[in-house]
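To start, the structure itself, in structure tokens.
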Amino acid sequence: MENKIKVLAVCGPTASGKTALSIALAKALDGEIVSCDSMQIYSGMEIGTAKPTVAEMDGVPHHLLGFLDPAEAFSVADYTRLADAAIRDIAARGKHPLLVGGTGLYARALLRGMSFSEKGRDASIREALQNQFASAGIEPLYARLQTLDPEGAAQIHPNNTKRVIRALEYCLAAGEPFSAQAKASKTVESPYIDRMICLGCRDRDTLYARIDRRVDAMFADGLLDEARRYFQRYGTSGRTSVQAIGYKELLPYLEGRCTLSEAVENIKMETRRYAKRQLTWFRREENTAWLYLDDYPDFAALVAAAMQIAQAHFNGEPV
């Protein structure tokens, strides 16, 4: 137990203020931040993924931001390996590691000691499936998954292209249902002692208003041009990065199939749906302290409440 590394996680839905809170905590705690966001890993997608700017970072070191070309493949196993190395490096230098982001699967895999097998991977099968997605969309692929693995398909949203393609790749390469892998995946003892702070809003409309303001700010900052550059360089193939909210909803506008206002509203709608899924995911997590933005009169009060939790965790005090 004494050899385990203490990690503070700041998680929650998009637009809930994780970036600002985590930076305030890191500055007060002499900490460094390890990103836990499946889209902020990509380079050239700063605005649409709400990647913190240099000014927002305010001198706090950040890890696993913008290091990967959007054309490259990246798995949960890749993330846990890199995040673990970053956390160990931070701790070895006497700093406090803070895991920050809204990708629940990444957080759970890292903190709960989930291990991953490379079984059922085949680059040629994956490329063929991605080409099928590019030409015919996700519907026929999802229908095929329902045939090969109905139990697995039931656990994957039909619009989650990355997971649908991965599940099909596994079924075809391994010759068994993807759901069988999930059941067989073993959990190893976690090398961390973690405490998670999740941000939320008691009034869902408050969160939705924050989302709408964020999307409007993204467009003011140049999201449309960023998305245009993305599609000019990478096209519309089935790679993971193309599924980032804020990019795929702009494609119909860039192709002349909808108006810009329709695209903006679609981004806001899809972001709200994503936030709901994030809330559902994080409510299942154990050892979590929920801080609701509408419970605090200002940001300073929110930081004070989070600091109390953080200091108790790193000092080994009961909360």
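Of all residues in the stretch 156-176, exactly one satisfies the criterion of being over 23 Å from Thr103 (Cα atoms) and either crowded, with 19+ Cβ neighbours inside 10 Å or of a type in the set (Phe, Trp, Tyr) (or both), namely Cys171. I'd like to check something: does the stretch 214-223 contain any residue that is in a helix (DSSP H, G or I), touching a Phe, Trp or Tyr at 6+ places or on another chain (Cβ under 7 Å) and either outside the structural domain of Glu127 (by TED's automatic domain parsing) or surrounded by 14 or more Cβ atoms within 10 Å (Cβ to Cβ) (or both)? Checking the stretch 214-223: not a single residue is in a helix (DSSP H, G or I), touching a Phe, Trp or Tyr at 6+ places or on another chain (Cβ under 7 Å) and either outside the structural domain of Glu127 (by TED's automatic domain parsing) or surrounded by 14 or more Cβ atoms within 10 Å (Cβ to Cβ) (or both).
Note on the stretch 40-54: among residues that are within 12 Å of the chain's Cα centre (by Cα) and under 17 Å from Val215 (Cβ atoms), the one that is surrounded by the fewest Cβ atoms within 10 Å (Cβ to Cβ) is Lys51.
Picking from residues in the stretch 133-155 that are at pLDDT below 85 and closer than 20 Å to Ser241 by Cβ, the one that is surrounded by the most Cβ atoms within 10 Å (Cβ to Cβ) is Ala134. Restricting attention to the stretch 224-243, which residues are of a type in the set (S, T, N, Q) and buried (at least 19 other Cβ atoms within 10 Å of the Cβ)? The answer is Thr240, Ser241.
Would you say Ala107 is part of a helix (DSSP H, G or I), in contact with a strand residue (DSSP E or B) (Cβ under 9 Å, 6 or more places away or on another chain) and farther than 24 Å from Ala73 by Cα? No, not satisfied.
Taken over the stretch 1-52, residues that are part of a strand (DSSP E or B) and either within 27 Å of Phe219 (Cβ to Cβ) or aromatic (Phe, Trp, Tyr) (or both) amount to 5. Farther than 27 Å from Glu72 by Cβ, in the same structural domain as Val54 (by TED's automatic domain parsing) and under 14 Å from the mean Cα position of the chain (by Cα) - does that describe any residue in the stretch 16-30? The answer is yes, given that some residue of the stretch 16-30 is farther than 27 Å from Glu72 by Cβ, in the same structural domain as Val54 (by TED's automatic domain parsing) and under 14 Å from the mean Cα position of the chain (by Cα). Of note, Gly101 does not satisfy the criterion of being buried (at least 18 other Cβ atoms within 10 Å of the Cβ) and over 18 Å from the mean Cα position of the chain (by Cα). Give the residue that is nearest to the chain's Cα centre (by Cα), with candidates limited to residues of the stretch 237-280 that are in a helix (DSSP H, G or I) and either among the basic types (Lys, Arg) or outside the structural domain of Arg213 (by TED's automatic domain parsing) (or both). Checked the stretch 237-280; the qualifying residue nearest to the chain's Cα centre (by Cα) is Arg277. Applying the criterion of being of a type in the set (Val, Ile, Thr) and out of contact with any Phe, Trp or Tyr (no Cβ under 7 Å at 6 or more places or on another chain) to the residues of the stretch 70-93, the residue that is surrounded by the fewest Cβ atoms within 10 Å (Cβ to Cβ) is Thr80. Residue under question is Ile125, and the condition is that it be surrounded by fewer than 20 Cβ atoms within 10 Å (Cβ to Cβ) and among the β-branched types (Val, Ile, Thr); does it hold? Yes, satisfied. For the stretch 141-161, residues that are touching a helix residue (DSSP H, G or I) at 6+ places or on another chain (Cβ under 7 Å) and either outside the structural domain of Ser179 (by TED's automatic domain parsing) or part of a helix (DSSP H, G or I) (or both) total 10. State yes or no: is Pro97 of a type outside the set (D, E, K, R), touching a helix residue (DSSP H, G or I) at 6+ places or on another chain (Cβ under 7 Å) and either assigned to a helix (DSSP H, G or I) or within 23 Å of Glu270 (Cβ to Cβ) (or both)? In short, no. Annotation: of all residues in the stretch 1-31 being at pLDDT below 95 and charged (D, E, K, R), the one that is nearest to Leu293 (Cα to Cα) is Lys4. Determine whether Arg233 is over 28 Å from Asp69 (Cβ atoms), touching a Gly at 6+ places or on another chain (Cβ under 9 Å), in a helix (DSSP H, G or I) and assigned by TED's automatic domain parsing to the domain that holds Leu25. Here the answer is no, as Arg233 does not meet what is asked. Considering only the stretch 60-77, I want to know if a residue exists there that is of a type outside the set (A, V, I, L, M, F, W, C) and touching a Leu at 6+ places or on another chain (Cβ under 7 Å). Within the stretch 60-77, not a single residue is of a type outside the set (A, V, I, L, M, F, W, C) and touching a Leu at 6+ places or on another chain (Cβ under 7 Å). Among the residues of the stretch 193-213, which ones are more than 20 Å from the chain's Cα centre (by Cα) and either surrounded by 16 or more Cβ atoms within 10 Å (Cβ to Cβ) or not charged (D, E, K, R) (or both)? Once the filter is applied, which keeps residues that are more than 20 Å from the chain's Cα centre (by Cα) and either surrounded by 16 or more Cβ atoms within 10 Å (Cβ to Cβ) or not charged (D, E, K, R) (or both), the stretch 193-213 yields Ile193, Thr206, Ala209.
The values are calculated or read from the model by the stated rules, or taken from the named source; none is laboratory data. All values reported here derive from a predicted model rather than from experimental measurement. When we count neighbours, we look across all protein chains shown, and the Cβ atoms used for this are built from the backbone with ideal geometry, even at glycine.
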